[in-house]
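Single-structure report; data block below.
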Amino acid sequence: MSDDHTHVQEFFSARAAEWDRRFPDDGPAYAAAVAELGLREADRVLDAGCGTGRALTPLRAAVGPTGVVVGADLTPAMLEAAVGAGRDRDGWLLLADVTALPLRSRSLDAVFGAGLISHLPEPAENLRELARVVRPGGVLALFHPIGRAALAARQGRQITPEDLRAEANLRPLLAGSGWHMTSYTDEAARFLALALREG
């Protein structure tokens with residue numbers, strides 16, 4: 001396991017049990033972001049880096065009982081918290097590294113990634129891996145329940161020009177990784193970038 005992965009596991013393992021209590025009001029923002037994916041009945045969707053599974057319930061509602069919902073995360077403690085919250089009823093939970101997914105190429109209709117991009121060790125390569133598992137024309141949502149400025153303030157830091165989530169950085173990063181950005185929102189209440197799988 002790389003140092004990046006070890007750091008991510010250590011960070012989230014220490015916070016897993018309290019994660020949902022720390023951010024109790026994020027549910028509506030998750031539901032609104034999932035709605036913008038445009039999922040249909042019977043679609044197949046991955047919640048990449050699903051954490052405690054807060055997106056799984058709205059994803060299940062979007063794809064219905066015949067759809068497939070998979071939540072993948074690198075940190076066992078986060079998946080345990082998802083089970084403890086009963087979210088395993090809404091999707092399959094998979095202990096997996098989203099940078100090397102054990103999924104067939106072009107097997108999904110969409111990927112939802114909440115807070116994901118800042119934890120990817122090799123963003124361009126890792127976004128290509130997400131593109132690999134999505135059919136052409138499928139959708140990627142990169143989401144956070146608060147915007148970049150609000151998140152930076154919460155963490156006691158300033159936004160820098162190198163921030164991957166800045167539109168000027170994210171658009172070419174996605175384009176070089178098999179995605180075409182179709183919308184970009186960075187407001188106090190949320191961050192959401194949507195992209196289509198090219199090819």
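The values are calculated or read from the model by the stated rules, or taken from the named source; none is laboratory data. This is a predicted model, so every value here is computed, not measured. Every residue, glycine among them, receives a Cβ derived from its backbone with ideal geometry; neighbour counts consider all protein chains shown. To get the accessible areas, we keep the full protein, side chains included, count just its heavy atoms, and leave off ligands, DNA and RNA. Shrake-Rupley method; radii C 1.70, N 1.55, O 1.52, S 1.80 Å.
From D73, D109, D43, which residue is crowded, with 22+ Cβ neighbours inside 10 Å, acidic (D, E) and under 19 Å from A195 (Cα atoms)? Outline the logic, then answer.
Numbers: D73 fails: under 19 Å from A195 (Cα atoms); D43 fails: crowded, with 22+ Cβ neighbours inside 10 Å.
Every option except D109 fails the conditions.
Listed by first and then second residue, the pairs with beta-carbon distance under 9 Å, at least 6 apart or on different chains, first residue in the stretch 179-194 and open to solvent by less than 50 Å² (accessible area, probe 1.4 Å), second among the charged types (D, E, K, R) and part of a strand (DSSP E or B), are W179/R197; L192/D186; A193/D186.
Under the condition of being within 23 Å of R60 (Cα to Cα) and surrounded by fewer than 15 Cβ atoms within 10 Å (Cβ to Cβ), the residues counted in the stretch 136-161 number 2.
When the stretch 1-50 is filtered for residues that are of a type in the set (G, A, S), modelled with pLDDT under 95 and part of a loop (DSSP other than H, G, I, E, B), the ones remaining, listed by number, are S2, A14.
Residues in the stretch 97-144 that are in contact (Cβ under 8 Å) with a residue 60 or more places away in the chain, on the phi < 0 side of the Ramachandran plot and not β-branched (V, I, T): how many? Of the residues in the stretch 97-144, 17 are in contact (Cβ under 8 Å) with a residue 60 or more places away in the chain, on the phi < 0 side of the Ramachandran plot and not β-branched (V, I, T).
Here the stretch 74-100 is the region considered, the condition is being closer than 22 Å to R165 by Cβ and of a type outside the set (D, E, K, R), and the residue that is nearest to the chain's Cα centre (by Cα) is V98.
Screening R128 on (1) open to solvent by 60 Å² or more (accessible area, probe 1.4 Å); (2) basic (K, R); (3) more than 15 Å from the chain's Cα centre (by Cα) shows it passes everything except condition (3).
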